[in-house]
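Take a look at the following structure, please.
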Amino acid sequence: MTAPKSTAARQLSRLRRARLPLASPIRRLRVLLIAIAVVFSLCAGRALQVQAFDAKTYATAAADQMQQTQVLPASRGEISDRYGDILAFTEDTVQVVADPKMIRTNGKMTDSQMTSYDREVAAAAPQRLAEILARHLGNTPDSYLPQLTDPKSSYKVIAKRVPAQTFADIQAEMTQAKLLGLRRITAPTRRYPNGSLASNLIGWVNQQGEAAGGLELSLEKQLKGTDGKEIYDSSPNGKIPLGDNVLIPPQNGRNVGLTIDNSLQLLAEQRLAKALADTGAEAAAVVVTNPNTGEMLAMANAPSFDSNDPGKSNPQDMTNRITTNAYEPGSVQKILTFAAMLDSGTIDPDEKVKVPSVIKYDKVNSVHDAWNHGDITLRARGIFAKSSNLGTITLARRMPKEQLYSYYNAFGLGKRTNIGVGGESAGLLPKANIADYTRDSNSFGSGLSVTAVQNAAAVGAIVNGGVYHAPTVISTMDGQPYTRPNQDTTPRRVISENTSAQVRSLMEQQALNQTSPAFSINGYRIGAKTGTARLFDPGCNCYSRDRLVVSTVGVAPIDNPQVLVYAVVWNPKKGASGAAVAAPIMHDVMQLALPRYAVPPSSTKGVKLPLQ
């Protein structure tokens, strides 16, 4: 009988049975080599794909990551007056931008790339940059540190509207100190060296560089130009000197020359400011033209605004009332009515006319003159000189409505002049098939509406010998004569030369028969016509009882008109007529304009003609 095995022997026997046989070393090496070969094959295949088949795609992607595109803004064209004085220009300014992440590493992509020297420079960089900024931009270094050290940002606008030369000085100091992290973004600033002068005409450009009103907006296409761009390779330290660089230069905007006389514009605006102070008026405007060409020599508004800082202005004061405000012209309209009646042969200046004391339409509506009178007899020139509404109606009723309408239309009423300023109103001219009472009202300046530029052009056509010239305010583009493409500037005859002389005589008679010194200019014969009308109140759809618009137009010398001045005042608190409020403005501006343009004094004196 065999003795049983010990416990240790049994465990050893089990271990021997469980152990696997050792693999062949050659076989293991072969498997390892095959695995390595597969890995290298995959890498080689991927390299082949990247370098051969997809090389262009990956090269493009890499280049795109390195490429930067910078817009090169076109320089906005200048606006100047008739003598070349600059009214608007573009200053080369920039935005100063900081990259706090770049500042923290002094331009290195990662902390691991930084040397001990880099770390030393980077640690001091925010303070040193802040000191440089304070020296050139003002404020204290501490005021810039929060923006320069923001750990979460790579883009912080430090300052706007910084002159380009100032940034160049900043950059020079940075280069000398071997500092990085500040750059410029081109952001030109529109400047108006005369502040509020002619601002209602010129308009303004906002902080985003967008034209927002006046000629700046209506001439945006010509003034703006076309931006260029630069495409270049860059690294964290800036542009790569030998990298690819594509430059498309900007095409600058065109320079615009106006017919406006800078100095006369200033004098006109100063006179309007005085008028507002004297009368407490809501607003006022004055137009000065050369009636022989239609050129605007001044287009003044009050109140006004500063084009450099439009955000501080009342929106109502930012419009050009001369082109946008439509109003009833009052008795200035009689110039047009009498021109039509004289030219058509309907009346004779010397004929005597019976003028009633009142014209009634019904139990409620009637027309009176500004002064009380019974039935009287006046010559036609007396009706004009005394500004009789009743006499004007009596004479106008002789003309067919269609014929009277045709003259008003020829004078430019009821349609835009297309002078080139946005927001221009066409006014209102009732059609020929109007009721009798509307025709009566139109004849003396009620029931229709005009703009100041429209009326100035109409009166200019009547007094200059009878030829209508479209009003112009834009004279040149890049120094070459310019004509607006959508404005008909072809002169056209509207009345005869003889009729023009007769109307000028009527206007001189009104001036001669006024007692106010506003209708007399030493050395010059002058012609004038005043107007007073009630402002329409949309709230009640009726005429206001206490709000007026008053005006006066004057031309001189009356025997050969060279200057026309038309003043309009809205809602004066002191004074209630064109003679009292608007005529002094006309007088003072005319008195300045005549010698300024070397207009010879009249060789003869005006003579009063019989009015009755």
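For Gly423, which of the numbered conditions (1) out of contact with any Asp or Glu (no Cβ under 7 Å at 6 or more places or on another chain); (2) at pLDDT 95 or above fails to hold?
(2)
Show the residue pairs meeting these rules: Cβ distance below 8 Å; 6+ apart or different chains; first residue within the range 582-606 and under 18 Å from Thr259 (Cα atoms); second residue buried (at least 18 other Cβ atoms within 10 Å of the Cβ) and of a type in the set (Lys, Arg).
So the pair list comes out as Val589/Arg271.
Please enumerate the residues belonging to the range 389-420 that are in a loop (DSSP other than H, G, I, E, B) and under 21 Å from Ser500 (Cα atoms).
Of the range 389-420, the ones in a loop (DSSP other than H, G, I, E, B) are 397-400, 411-420.
Correct list: Arg398, Met399, Phe411, Gly412, Leu413.
Can I ask one more? Being in a loop (DSSP other than H, G, I, E, B), open to solvent by 40 Å² or more (accessible area, probe 1.4 Å) and hydroxyl-bearing (Ser, Thr, Tyr) is the filter here; which residues of the range 345-385 pass it?
Answer for the range 345-385, where residues must be in a loop (DSSP other than H, G, I, E, B), open to solvent by 40 Å² or more (accessible area, probe 1.4 Å) and hydroxyl-bearing (Ser, Thr, Tyr): Ser357, Tyr361.
Output the residue which, of all residues in the range 470-518 that are open to solvent by less than 50 Å² (accessible area, probe 1.4 Å) and among the charged types (D, E, K, R), is farthest from the chain's Cα centre (by Cα).
Restricting to residues being open to solvent by less than 50 Å² (accessible area, probe 1.4 Å) and among the charged types (D, E, K, R), the top hit is Glu508.
Which pairs have Cβ atoms under 8 Å, sit 6 or more apart or on different chains, and link a residue in the range 320-347 that is farther than 30 Å from Ala212 by Cβ and hydroxyl-bearing (Ser, Thr, Tyr) to one that is open to solvent by 10 Å² or more (accessible area, probe 1.4 Å) and in a loop (DSSP other than H, G, I, E, B)?
Correct list of pairs: Ser331/Ser387; Ser331/Phe444; Thr337/Phe444; Thr346/Arg398.
Out of Phe536, Phe519, which single residue is in contact (Cβ under 8 Å) with a residue 24 or more places away in the chain and either touching a helix residue (DSSP H, G or I) at 6+ places or on another chain (Cβ under 8 Å) or farther than 30 Å from Tyr361 by Cβ (or both)? Before the answer, list the steps.
On the way: Phe536 fails: either touching a helix residue (DSSP H, G or I) at 6+ places or on another chain (Cβ under 8 Å) or farther than 30 Å from Tyr361 by Cβ (or both).
Among Phe536, Phe519, only Phe519 is in contact (Cβ under 8 Å) with a residue 24 or more places away in the chain and either touching a helix residue (DSSP H, G or I) at 6+ places or on another chain (Cβ under 8 Å) or farther than 30 Å from Tyr361 by Cβ (or both).
Among the listed residues Thr166, Thr175, Thr186, identify the single one that is of a type outside the set (Phe, Trp, Tyr) and touching a Pro at 6+ places or on another chain (Cβ under 6 Å). Spell out how you get there, then give the answer.
Values: Thr166 fails: touching a Pro at 6+ places or on another chain (Cβ under 6 Å); Thr175 fails: touching a Pro at 6+ places or on another chain (Cβ under 6 Å).
Only one candidate qualifies: Thr186.
Can Ile558 be described as touching an Asp or Glu at 6+ places or on another chain (Cβ under 6 Å) and open to solvent by less than 10 Å² (accessible area, probe 1.4 Å)?
Values: touching an Asp or Glu at 6+ places or on another chain (Cβ under 6 Å): yes; open to solvent by less than 10 Å² (accessible area, probe 1.4 Å): yes.
Considered against the rule, which asks whether it is touching an Asp or Glu at 6+ places or on another chain (Cβ under 6 Å) and open to solvent by less than 10 Å² (accessible area, probe 1.4 Å), Ile558 comes out as yes.
When you scan the range 445-453, do you find a residue that is at pLDDT below 95 and among the hydroxyl-bearing types (Ser, Thr, Tyr), even just one?
Among the residues of the range 445-453, not one is at pLDDT below 95 and among the hydroxyl-bearing types (Ser, Thr, Tyr), which makes the answer no.
I'd like the residue in the range 444-469 that is more than 22 Å from Ile558 (Cβ to Cβ) and either of a type in the set (Phe, Trp, Tyr) or open to solvent by 10 Å² or more (accessible area, probe 1.4 Å) (or both) and, out of all such residues, is nearest to the chain's Cα centre (by Cα).
Step one: filter the range 444-469 for residues more than 22 Å from Ile558 (Cβ to Cβ), giving 444, 446-451, 453-454.
Retained after the next criterion (residues that are either of a type in the set (Phe, Trp, Tyr) or open to solvent by 10 Å² or more (accessible area, probe 1.4 Å) (or both)): 444, 446-447, 449.
Working: Phe444: 35, Ser446: 32, Gly447: 32, Ser449: 25 Å.
Out of the qualifying residues, it is Ser449.
Out of all the residues in the range 149-159, which are outside any loop (DSSP other than H, G, I, E, B) and surrounded by 14 or more Cβ atoms within 10 Å (Cβ to Cβ)?
Keep residues of the range 149-159 that are outside any loop (DSSP other than H, G, I, E, B), which gives 156-159.
Those that are outside any loop (DSSP other than H, G, I, E, B) and surrounded by 14 or more Cβ atoms within 10 Å (Cβ to Cβ): Lys156, Ile158, Ala159.
In the range 525-559, which residue that is assigned to a loop (DSSP other than H, G, I, E, B) and at pLDDT 95 or above is farthest from Ser449 (Cα to Cα)? Can you show your working first?
Narrowing the range 525-559 to residues assigned to a loop (DSSP other than H, G, I, E, B): 525-526, 538-541, 557-559.
Narrowing the set further to residues that are at pLDDT 95 or above leaves 525-526, 557-558.
Working: Arg525: 30, Ile526: 26, Pro557: 28, Ile558: 27 Å.
Only one residue fits best here, namely Arg525.
Pull up the range 181-191, narrow it to residues that are over 14 Å from Val96 (Cβ atoms) and either part of a strand (DSSP E or B) or touching a helix residue (DSSP H, G or I) at 6+ places or on another chain (Cβ under 7 Å) (or both), then point me to the one that is most open to solvent (accessible area, probe 1.4 Å).
Keep residues of the range 181-191 that are over 14 Å from Val96 (Cβ atoms), which gives 188, 190-191.
This time we only want the ones that are either part of a strand (DSSP E or B) or touching a helix residue (DSSP H, G or I) at 6+ places or on another chain (Cβ under 7 Å) (or both), so: 190-191.
Numbers: Arg190: 23, Arg191: 67 Å².
Filtering the range 181-191 for residues that are over 14 Å from Val96 (Cβ atoms) and either part of a strand (DSSP E or B) or touching a helix residue (DSSP H, G or I) at 6+ places or on another chain (Cβ under 7 Å) (or both), the one most open to solvent (accessible area, probe 1.4 Å) comes out as Arg191.
Residue-wise test of (1) at pLDDT 95 or above; (2) not hydrophobic (A, V, I, L, M, F, W, C).
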| site | (1), (2) |
| --- | --- |
| Ser443 | yes, yes |
| Ala456 | yes, no |
| Thr489 | no, yes |
| Arg492 | yes, yes |
| Ser496 | yes, yes |
| Ser505 | yes, yes |
| Ala518 | yes, no |
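Which of the residues that make up the range 267-296 are within 21 Å of the chain's Cα centre (by Cα) and either open to solvent by 10 Å² or more (accessible area, probe 1.4 Å) or closer than 15 Å to Lys574 by Cα (or both)? Quick ask: steps written out before the conclusion?
Filtering the range 267-296 for residues within 21 Å of the chain's Cα centre (by Cα) gives 268-269, 283-288, 295-296.
Scanning the range 267-296 gives Glu269, Ala283, Ala284, Glu295.
Continuing with this model, one more query. Tell me the strands (runs of 3 or more DSSP E) entirely within the range 54-103 that contain at least 2 residues that are modelled with pLDDT of 80 or more and within 18 Å of the chain's Cα centre (by Cα). Reasoning before the result, please.
Working: elements: 67-72, 86-91, 93-98.
Strands (runs of 3 or more DSSP E) meeting the threshold: 86-91.
Oh, and also: Checking the condition basic (Lys, Arg) and under 44 Å from the mean Cα position of the chain (by Cα), which residue from Lys401, Lys363, Lys354 passes?
After applying the criteria, what remains is Lys401.
Please work out which residue is nearest to the chain's Cα centre (by Cα), limiting yourself to the range 319-344 and to residues that are open to solvent by 30 Å² or more (accessible area, probe 1.4 Å) and over 22 Å from Val503 (Cβ atoms).
Thr319
Further question on the same structure: What number of residues in the range 298-331 are assigned to a helix (DSSP H, G or I), under 19 Å from Asn194 (Cβ atoms) and out of contact with any strand residue (DSSP E or B) (no Cβ under 7 Å at 6 or more places or on another chain)?
3
While we're looking at this one, here's another question. Using beta carbons and a limit of 6 Å, which pairs, at least six apart or on different chains, have the first residue in the range 209-230 and without any contact (Cβ under 8 Å) to a residue 40 or more places away in the chain and the second one assigned to a strand (DSSP E or B) and open to solvent by less than 40 Å² (accessible area, probe 1.4 Å)?
Ala211/Val205; Glu220/Ala211
The values are calculated or read from the model by the stated rules, or taken from the named source; none is laboratory data. It should be emphasised that the depicted structure is a prediction, and the values quoted were computed from it without experimental measurement. A quick note on method: Cβ atoms are made from the backbone with ideal geometry, for glycine too, and the neighbour counts reach across all protein chains shown. Ligands, DNA and RNA are excluded from the accessible area calculation, which covers all protein heavy atoms including side chains. Shrake-Rupley method; radii C 1.70, N 1.55, O 1.52, S 1.80 Å.
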